[in-house]
1. Within region 271-290, does at least one residue satisfy the condition of being of a type in the set (Asp, Glu) and either away from the ligand (no atom under 16 Å from the Cβ) or in the same structural domain as Phe73 (by TED's automatic domain parsing) (or both)?
2. Kindly establish whether Gln230 is among the polar types (S, T, N, Q) and within 14 Å of the ligand (Cβ to nearest atom).
3. Select from region 191-215 the residues that are within 13 Å of the ligand (Cβ to nearest atom) and over 28 Å from Gln328 (Cα atoms) and write down the one among them that is most open to solvent (accessible area, probe 1.4 Å).
4. Taking region 1-21 only, how many residues are aromatic (Phe, Trp, Tyr) and within 14 Å of the ligand (Cβ to nearest atom)?
5. Looking for something of a type in the set (A, V, I, L, M, F, W, C) and within 14 Å of Asp235 (Cα to Cα) - is there at least one such residue anywhere in region 334-345?
6. Ala102: under 27 Å from Leu165 (Cα atoms) and touching a strand residue (DSSP E or B) at 6+ places or on another chain (Cβ under 7 Å), yes or no?
7. Determine the pairs where a residue that is more than 23 Å from Glu332 (Cβ to Cβ), located within region 357-381, has a partner that is part of a loop (DSSP other than H, G, I, E, B) and open to solvent by less than 10 Å² (accessible area, probe 1.4 Å) with Cβ atoms under 8 Å apart, the partner being 6 or more residues away or on another chain.
8. Of all residues being more than 13 Å from the ligand (Cβ to nearest atom) and in contact with a strand residue (DSSP E or B) (Cβ under 7 Å, 6 or more places away or on another chain) in region 22-54, which is farthest from Gly66 (Cα to Cα)? Just the residue, please.
Amino acid sequence: MKSNYDVIIIGAGPAGIFTAIEMLKCGSQKKILIIEKGSAIENRRCPKHITGKCMNCKPYCHITTGFSGAGAFSDGKLSLSPEVGGDLPDLIGENLAAETIAYTDKIYLEFGADTKIEGIGNDDAVKRIRKRAIQAGLKLVDCPIRHLGTEKAQEIYYAIEQHLLKNGVDMMFGTECEDIILEDGKCLGVRLNTKEGKVEIKAPHTVVATGRRGADWLEKICYEHKIAHQPGTVDIGVRVEVRNEIMETVNNVLYESKLIGYPAPFKNKVRTFCQNPGGFVSQENYDNDLAVVNGHSYKELKSQNTNLAILCSHNFSEPFNQPIAYAQKVGELTNMLGDGKILVQRFGDILDGKRTWEKELSRSNIKPTLPDAVAGDITAAMPYRAMINIINFIQAVDHVVPGFASTETLLYSPELKFYSNKVKLDNDFNTNVEGLHCLGDSSGWTRGLMMASVMGVLMGRKLK
Ligand SMILES: Cc1cc2nc3c(=O)[nH]c(=O)nc-3n(C[C@H](O)[C@H](O)[C@H](O)COP(=O)(O)OP(=O)(O)OC[C@H]3O[C@@H](n4cnc5c(N)ncnc54)[C@H](O)[C@@H]3O)c2cc1C
């Protein structure tokens with residue numbers, strides 16, 4: 001490996017890899033190095049499909065770490081609307097965001113994405129759903145979706161990995177960036193922890209694209225090097241699972257229903273997120289042993305259930321302004337009650353003020369798709385405000401999707417989204433430290449595959 005490059009990208013998630021793709025597309029001759037803590041995509045394996053349960057892999061979780069980042073084993077739903085996927089449009093403008101989504105979508109197609117788009121057409125059926133949403137006081141966001149599917153997403157990202165390697169992009173896998181090198185207020189490169197020991201590599205441009213998993217690390221770097229940032233939002237919620245029959249209409253018409261509400265009495269923003277028709281609830285483990293719930297769906301293998309997240313946004317100001325630490329405490333408390341596993345509770349039990357017992361789960365029509373989740377009481381760990389928001393929101397969604405607030409509806413916890421620590425950026429994604437740029441979910445400006453990829457494309461054009 002050389003010790004000097006033109007551009008160093010930390011993190012091989014969609015934001016990082018689309019930076020390199022676009023630089024190549026622009027004909028750039030610059031020397032690019034991608035540093036990735038995890039493995040090449042072909043070596044990423046989650047043992048859960050053999051063991052049947054999360055093995056809490058060390059030193060990292062293959063689901064979120066490695067080439068293509070959290071995208072590889074994700075459901076691969078590309079949201080084709082600037083209204084979905086984070087606040088990037090506030091920084092670059094809605095028109096540029098929409099144009100770049102269309103452009104980036106074509107790149108996904110070039111690498112083999114399914115040509116079908118979900119959630120378009122069916123105008124009368126959409127109108128009927130929207131009417132019910134209006135009656136329930138909810139906003140229905142239009143969002144066409146290109147669904148890659150978990151297994152297909154891996155093929156597409158493998159093709160991208162090979163394309164980058166063939167075109168001279170260097171990649172260091174199993175390599176963790178420990179720190180950036182700063183001199184006279186300029187970023188001169190990175191300090192790495194490699195299998196052979198500590199290494200320094202220099203470049204005039206360093207791009208941090210470390211994703212949600214890297215949010216803690218980036219926050220530390222921001223404090224240490226005075227990189228301007230502000231505490232952002234953290235989302236705390238639950239993963240809801242119901243039988244497909246309940247969600248059938250919405251699944252068929254929209255594939256994913258993006259509903260937003262501000263339920264009484266707190267009037268905080270509550271929204272649905274990441275809906276997986278016929279999908280599976282999954283577990284992710286963060287480096288500090290925090291187990292959080294997520295969900296995904298395969299293109300071919302389907303379950304009897306649909307899952308989706310319900311998230312409440314939390315902001316803090318004075319005297320406490322550490323949203324990541326707050327959400328971690330909620331997660332730790334929930335994990336403690338579940339003996340380190342994800343907790344699951346029936347909605348009816350929450351309303352009745354009782355925990356759910358394992359034997360009660362088998363009395364329902366619905367069978368949990370995360371079998372190692374432990375039946376218990378999520379209300380003993382969920383903050384009151386978030387719990388009330390979730391209960392009232394679920395009851396509002398019941399008007400749009402009758403049966404959603406049934407006794408047997410399953411709520412898994414903790415579902416946490418760490419978007420916080422929004423790095424202050426100009427339109428060219430420069431931080432206040434010369435030569436240092438921040439992208440994707442770790443920058444706090446994106447929250448999804450497409451928007452992270454879009455940010456990468458725009459970065460690639462600036463660095464070409
Ligand atoms: C299970 C799951 C399902 C999802 N489903 C969807 C979906 O259907 N649609 C959607 O739009 N979004 C989905 N998401 C979210 C989506 O995957 C992320 O928004 C997206 O991947 C963010 O891209 P990124 O490049 O910013 O970061 P990431 O994809 O998180 O990539 C960051 C990379 O940086 C590496 N890294 C971190 N720290 C360091 C370090 N110090 N040194 C070296 N490398 C480092 C990590 O290993 C990782 O590979 C899902 C996420 C998960 C976990």
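The values are calculated or read from the model by the stated rules, or taken from the named source; none is laboratory data. Quick caveat: nothing in here was measured; it's all calculated off a predicted structure. Cβ: placed from backbone, ideal geometry, glycine included. Neighbour counts: every protein chain shown. Keep in mind that these areas ignore ligands, DNA and RNA; they rest on the heavy atoms of the full protein, side chains included. Shrake-Rupley method; radii C 1.70, N 1.55, O 1.52, S 1.80 Å.
1. Yes, region 271-290 contains a residue that is of a type in the set (Asp, Glu) and either away from the ligand (no atom under 16 Å from the Cβ) or in the same structural domain as Phe73 (by TED's automatic domain parsing) (or both).
2. Criteria not met by Gln230.
3. The residue in question is Val199.
4. Qualifying residue count, region 1-21: 1.
5. no
6. No, not satisfied.
7. Short answer, once both residue conditions are applied: Ile366/Thr409; Thr369/Gly279.
8. Step by step, filter region 22-54, then rank; the result is Lys30.
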